[in-house]
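In what follows, a single structure is set out as structure tokens and then discussed.
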Amino acid sequence: MRQANGRAITVNGRSIHVEESGHGTDVVLFESGQGLGRVSWDPVLPLLADRARLVAYDRAGFGRSARTDAPLDLDDLAADLVALAEAVAPDRFVLVAHSMGGLVARLAYQRLAPRLRGILMVDTTPETAPAFDAIAQIARRVDRTLAIAQPLVRSRLVARLLSGTARRVFPTDTYETMLAEDFVPAGLAQTRREFRAVAAAVPRLRAEPPAPPGCPTVLLSADRPRRGGERTHPALQEHQRRWTETLPDGRYETVDAGHFIQGERPDVVAARIRELLDRS
């Protein structure tokens, strides 16, 4: 497995595992998608090591962060992001968020706004998208499936079968770390909690959308749909595009990749981060 030095930082009473790499006066903070942690950014980090100090972390309950049985909601996760930013990025920084991490970033935005140089959203789904229309029913179905899988992932064979997409996309050493840290019973338990948190938050986000980012914001949209999502993918991309059009300084860009753009096209992700750093 990969080897990297990290440290534990206590935020809001929770022990969070953080890894820092790269060098420079600029800072980039990475927020992961649902069910994954800091290692999902492994393909991107070496491409930026000469440009900035790079901070990736595991949310509470994932990876090397302390396990928790607490039913954290999206506001709790956003509060952790804010507290972590205060600890590791005392000056202005660029925030990068993948998938569900984009919702966390948006909820944290108002408290982070004075120090944000830019935001890069990596295939984040706006709450207005049709994919969230039946989120309560989807969450119950997903929860039942993960509840069955949770004890079974003690078997490496089962864990590999359930994590096939990650195995195909990420480098071997990164994938092996995911397998050991995230595709385990405790990791799936936390994924279930986060999925329920998203389902609970979407109606509120639709009724009271978070303040739109005022800093330069780029949304990278995966051009290849997830398996089973071929029919709804065009509508998803349309809502991503519309969301960026509501921003004072937003940009929408499609990428020839699947949902894990950072794994398939780390060059594009790194290039857009450099642009955000150079712009401000």
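Could you please let me know if A87 is within 22 Å of L205 (Cα to Cα) and either of a type in the set (A, V, I, L, M) or in a helix (DSSP H, G or I) (or both)? In short, no. Per this entry, S65 is counted among residues that are of a type outside the set (K, R) and either in contact with a Cys (Cβ under 9 Å, 6 or more places away or on another chain) or under 16 Å from M178 (Cα atoms) (or both). For segment 79-92, the candidate set comprises residues that are surrounded by fewer than 20 Cβ atoms within 10 Å (Cβ to Cβ) and farther than 23 Å from E208 by Cα; within that set, the residue that is modelled with the lowest pLDDT is P90. You will find that of L95, L36, the residue that is crowded, with 22+ Cβ neighbours inside 10 Å, farther than 22 Å from V169 by Cβ and within 14 Å of the chain's Cα centre (by Cα) is L95 and no other.
The set of residues from segment 223-272 being surrounded by fewer than 16 Cβ atoms within 10 Å (Cβ to Cβ), more than 21 Å from I138 (Cα to Cα) and touching a residue at least 40 places away in the same chain (Cβ under 8 Å) comprises R242, D267. Under the condition of being without any contact (Cβ under 8 Å) to a residue 40 or more places away in the chain and surrounded by 12 or more Cβ atoms within 10 Å (Cβ to Cβ), the residues counted in segment 146-158 number 4. Of the residues making up segment 168-179, those that are touching a residue at least 12 places away in the same chain (Cβ under 8 Å), closer than 16 Å to Q262 by Cβ, part of a helix (DSSP H, G or I) and of a type outside the set (D, E) are V169, T174, Y175, T177, M178. Condition check for E275 on (1) in contact with an Asp or Glu (Cβ under 7 Å, 6 or more places away or on another chain); (2) among the charged types (D, E, K, R); (3) free of Cβ contacts under 8 Å to residues at least 60 places away in the same chain: one failure, at (1). Checking the stated criteria, A207 turns out not to satisfy the condition of being in contact (Cβ under 8 Å) with a residue 24 or more places away in the chain, of a type in the set (A, V, I, L, M) and either touching an Asp or Glu at 6+ places or on another chain (Cβ under 9 Å) or over 15 Å from S99 (Cβ atoms) (or both). Among the residues in segment 64-75, are any part of a loop (DSSP other than H, G, I, E, B), among the hydroxyl-bearing types (S, T, Y), within 30 Å of P248 (Cβ to Cβ) and touching a Lys or Arg at 6+ places or on another chain (Cβ under 7 Å)? No, segment 64-75 has no match at all. Candidates D50, D58: the one that is touching a residue at least 40 places away in the same chain (Cβ under 8 Å) and under 21 Å from T174 (Cβ atoms) is D58.
Has segment 26-41 got any residue that is under 29 Å from P203 (Cβ atoms), of a type in the set (D, E) and either out of contact with any Ser or Thr (no Cβ under 9 Å at 6 or more places or on another chain) or part of a strand (DSSP E or B) (or both)? The answer is yes; a qualifying residue exists. Within segment 234-263, which residues are basic (K, R) and in a strand (DSSP E or B)? R251, the sole residue that qualifies. Quick one: in segment 90-120, which of the residues that are part of a loop (DSSP other than H, G, I, E, B) and in contact (Cβ under 8 Å) with a residue 40 or more places away in the chain is nearest to V218 (Cα to Cα)? So the residue we want is S99.
Restricting segment 168-183 to residues that are surrounded by fewer than 21 Cβ atoms within 10 Å (Cβ to Cβ) and closer than 29 Å to A134 by Cβ leaves a set whose member that is farthest from the chain's Cα centre (by Cα) is R168. Residues that are assigned to a strand (DSSP E or B) and either under 24 Å from S40 (Cα atoms) or more than 16 Å from the chain's Cα centre (by Cα) (or both): does segment 187-207 have at least one? Looking through segment 187-207, none of the residues is assigned to a strand (DSSP E or B) and either under 24 Å from S40 (Cα atoms) or more than 16 Å from the chain's Cα centre (by Cα) (or both).
The values are calculated or read from the model by the stated rules, or taken from the named source; none is laboratory data. Computed from a predicted structure; not experimentally measured. For neighbour counting, all protein chains shown are included, and Cβ atoms are generated from backbone atoms with ideal geometry for every residue, glycine included.
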